[in-house]
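Inspection log for the structure reproduced underneath, given as structure tokens.
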Amino acid sequence: MIVALAGGTGGSKMVHGLALAGGQADLVGIINTGDDGPFYGLLVCPDLDINLYALAGVVADRGWGYADDTFHCLEGLATYGRDSWFGLGDRDLATHIHRTLMVADGATVSEVMDDLRLRLGVEARLHPMTDAPVRTIITTPTGEKRFQEYLVRDGAREDIDSIRIEGLAESTPAPGVIDAIEGAATIVIAPSSPIVSIGTILGVPGVRDAVAARRDRVIAVSPIIGNAPVEGPAHKFLRGAGYDECSALQMARIYQDVCGTFVIHESDAGDAPAIEALGMRAVVTDILMPDHAARERLARVVLGAMA
Ligand code: FO1
């Protein structure tokens, strides 16, 4: 069994690559739910859905939402003076309505995900990190924001004073999460934000210790090349969490206790000796995933390094 810890767009490329390289039957994703929240009264779980749609082969090229979706409902809401900054497409809304109705009938998010993946023909299992409500709150000089408000509505322009993950300390791992970590042949930490995606997953009580206990079987792919994130504002989240340096080496330091092998981009090869001095094995390759072939190639390098 291959287990991947992942956030949204960057993480889903790795999860999809692992599916392309090794098939879905033995693949398990453990996915961040700190970005989740209600929109128009519906429970939206962006990272779970991004990974679900990627594995189902229906994700839009932009990396989130359903391919070829329309936005008539959102346009209608804007006509009524409602918020329309969060791009929930018409086909995507069906997912959120179905999820919300299932939860209202007593289902957990885990049970919803299992239902969604079976209906969309996804063989891999996707576990939310927890079934408890966990919400990432970003504080900037202009106040507190929900994660999607900071990222999407406000375009992640502001510097971050602090990051709080509401509900994390009281949460418990979703069913199957610890078993998957304990039983995995290889655990892949996808190139998602180490703070608000992977850091949140590892922050669910019991998860960091379970991953650390498998350190020799854990491989992480750097989300940073040079001094910049491959995608998204990971540098802002790093600074908001108190890390001044944005580099592959800094990522390695953050994952030092949980990860024995760290994959960095060719242009960061100079960091390899410092990473190995942390007690980690460094693997140097092209970590960019611009297309499906690149995802599969990187996944083969990752799996090959752990063979
Ligand atoms: N990202 C955007 O940049 N703009 C959007 O309007 C947007 C809508 C959206 C709707 C459903 C969904 O599942 C994801 C969506 N995302 C959107 C992506 C999401 O904000 C982030 O990429 C993740 O939360 C970070 O992992």
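Do you know which of the residues in region 217-244 that are part of a helix (DSSP H, G or I) and of a type in the set (D, E, K, R) is nearest to residue 185 (Cα to Cα)? Only one residue tops the list, namely 217. Looking across region 64-80 at every residue that is without any contact (Cβ under 8 Å) to a residue 12 or more places away in the chain and assigned to a helix (DSSP H, G or I), the one that is least open to solvent (accessible area, probe 1.4 Å) is identified as 76. Exactly one residue out of 209, 154 is under 21 Å from residue 254 (Cα atoms) and more than 18 Å from the chain's Cα centre (by Cα), and it is 209.
Close Cβ contacts (under 7 Å, 6 or more residues apart or on different chains) running from residues in region 81-97 that are open to solvent by 20 Å² or more (accessible area, probe 1.4 Å) to residues that are of a type in the set (Asp, Glu) comprise 90/69; 91/69.
Only residues that are surrounded by fewer than 18 Cβ atoms within 10 Å (Cβ to Cβ) and touching a residue at least 12 places away in the same chain (Cβ under 8 Å): list them for region 118-131, please. 120, 121, 123, listed by residue number.
Please determine, by comparing only the residues of region 186-196 that are among the aliphatic types (A, V, I, L, M) and over 20 Å from residue 26 (Cα atoms), which one is surrounded by the fewest Cβ atoms within 10 Å (Cβ to Cβ).
Here the answer is 195.
Quick check, is residue 206 modelled with pLDDT of 95 or more, surrounded by fewer than 23 Cβ atoms within 10 Å (Cβ to Cβ), at positive phi and away from the ligand (no atom under 16 Å from the Cβ)? In short, yes. Of the strands (runs of 3 or more DSSP E) lying entirely inside region 132-185, those containing at least 2 residues that are open to solvent by 60 Å² or more (accessible area, probe 1.4 Å) span 143-146, 162-166.
Restricting the search to region 64-107, which residues are within 22 Å of the chain's Cα centre (by Cα), away from the ligand (no atom under 11 Å from the Cβ) and within 22 Å of residue 10 (Cα to Cα)? Once the filter is applied, which keeps residues that are within 22 Å of the chain's Cα centre (by Cα), away from the ligand (no atom under 11 Å from the Cβ) and within 22 Å of residue 10 (Cα to Cα), region 64-107 yields only 67. Among the residues making up region 250-296, those that are in contact (Cβ under 8 Å) with a residue 24 or more places away in the chain, in a helix (DSSP H, G or I) and open to solvent by 70 Å² or more (accessible area, probe 1.4 Å) are 253, 267, 292. Being out of contact with any strand residue (DSSP E or B) (no Cβ under 6 Å at 6 or more places or on another chain) and within 14 Å of the ligand (Cβ to nearest atom) is the filter here, so list the residues in region 135-160 that pass it. Passing the criteria: 148, 149, 151, 152, 153, 154, 155, 156, 157.
Applying the condition of being assigned to a loop (DSSP other than H, G, I, E, B) and of a type in the set (S, T, N, Q) to region 15-63 and asking which residue is nearest to the ligand (Cβ to nearest atom) yields 32.
The values are calculated or read from the model by the stated rules, or taken from the named source; none is laboratory data. None of the values given here were measured: they were computed from a predicted structure. All Cβ positions, even for glycine, are placed from backbone atoms using ideal geometry, and neighbour counts span all protein chains on display. We work out accessible area using only protein heavy atoms, side chains counted, and drop any ligands, DNA or RNA first. Shrake-Rupley method; radii C 1.70, N 1.55, O 1.52, S 1.80 Å.
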